[in-house]
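Novice: Input: one structure, supplied below.
Please treat every number below as a calculation from the coordinates, not as lab data. These figures come from a predicted structure and were not determined experimentally. Neighbour counts run over all protein chains shown; Cβ positions are idealised from the backbone, glycine included.
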Amino acid sequence: MKKTLLVDLDYVICEPGLLKILNDFCGTNYKDDDFEDYIIDDVIGPQEKIQEFYEYYLTQDGYADAVIFENAKEVLEKLSEYYDIHLCSACVMYGVERRSAKLFKDKFEFLMREFPFLDPEKIIFTNTKNIFKADVQIDDRLQNLMGDVKLKLLFDAYHNRKITDDELSKNNVIRVKNWKEIEKLLLENI
Ligand SMILES: [Mg+2]
C-alpha cells in the first residue's frame, strides 16, 4: 500500500498570484523578500482593509500569474508513483467566506490544468488541515503541521524564516528548502 502524502499548494508548489494582486490593489511594487510575515497581515493591517482587499481579490484569478516552483511538478509526478498524494489547500477568504467559491474554482482549474497526474478525487479544500492522518505532510505554515502525521515538512518561505530550528524540532518538523530536497527525503523514506 502506498504511503499517504498531504501536500499544500500555495508557497509549497507555487507562488500564487497573491503578491501581484496585492500590489495592484495597493499601488505598490513589493516583492516577497520585503516581508518577514505573511504578506496580507504585514501590508494590509486592519481587518476592514483585509476584507476590502479580498473583495478585490474576488474579481481576479489568483492563479493566472501563479509561478510553479522549480522541480515541483517533476518531483510530485515521480512521488505519485510511490505516494498516495492528497493536495490540501485552504480556499476560504476572510471577510468574504461565503462568497469564496471563485477561489475554489480558480484553484481547482489551475490544479487540473498544470498537474494532470493529480487525482481530482483526492483534492481537499479546507482551512482546517490538522484533522488528517497521513504519513507525510508538506506545508509552509507551522500551524498547519499539527495533525497526526509521521513526517512533517515545513517548506521554506519568506514568512516562516523567523521560526527557529529549536521551535521546529520541538514540533517534530523538518524545514525543507526546495523540491530536490523533498525528493531525496521522501524517496529515501519509502
Ligand atoms: Mg501554503
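Novice: Kindly provide the helix-only [θ] at 222 nm of the chain, computed as the sum of -39,500 (n - 2.57) over DSSP H runs of four or more divided by all residues, to the nearest 500 deg cm²/dmol?
Specialist: That comes out to -9000 deg cm²/dmol.
Novice: Give me SER100, SER80, SER89, SER169 sorted ascending by neighbouring Cβ count inside 10 Å, so fewest comes first.
Specialist: The fewest-first ordering by Cβ neighbours comes to SER169, SER80, SER100, SER89.
Novice: How large is the dipole of the range 26-111 about the Cα centre if only Lys and Arg carry +1 and Asp and Glu carry -1, each at its Cβ, rounded to the nearest 20 debye? Intermediate values should be presented prior to the final figure.
Specialist: Values: 9 positive and 20 negative charges, 98 e Å.
The dipole of the range 26-111 has a size of about 460 debye.
Novice: Of the listed pairs LYS3/LYS170; LYS105/LYS180; LYS73/LYS129; LYS2/LYS184; LYS78/LYS177, which have alpha-carbon separations greater than 26 Å here?
Specialist: LYS105/LYS180
Novice: Taking the Cα centre of the chain as origin and charging only Cβ (+1 Lys, Arg; -1 Asp, Glu), how large is the dipole, in debye to the nearest 20?
Specialist: My answer is approximately 580 debye.
Novice: Still on this structure, I have one more. So for THR128, THR4, fewest C-beta neighbours within 10 Å to most, what's the order?
Specialist: THR128, THR4
Novice: Moving on to the next point. Taking only the alpha carbons of the chain, what extent do you get along each of the three principal axes, in Å, biggest first?
Specialist: 47, 37, 29
Novice: Which is farthest toward the positive dipole end of the range 93-190 among PHE115, THR164, VAL96, measuring Cα position about the Cα centre, with Cβ charges +1 (Lys, Arg) and -1 (Asp, Glu)?
Specialist: Of PHE115, THR164, VAL96, it is VAL96.
Novice: Using the 10 angstrom Cβ neighbour count as an exposure proxy, how do MET112, MET1, MET93 rank, fewest first?
Specialist: Fewest to most other Cβ atoms nearby, the residues stand as MET1, MET112, MET93.
Novice: Something else: Give, in whole angstrom and from largest to smallest, the semi-axes √(5λ) of the equivalent ellipsoid of the range 84-190, with λ running over the eigenvalues of the Cα gyration tensor.
Specialist: 25, 18, 13
Novice: In addition: Placing +1 at every Lys and Arg Cβ and -1 at every Asp and Glu Cβ, with all other atoms neutral, what dipole size does the range 18-57 have around its Cα centre, in debye to the nearest 20?
Specialist: The dipole of the range 18-57 has a size of about 180 debye.
Novice: Could you calculate, for the range 18-57, the ratio of the Cα radius of gyration to the Kirkwood radius, expressed as Rg to Rh?
Specialist: 0.92
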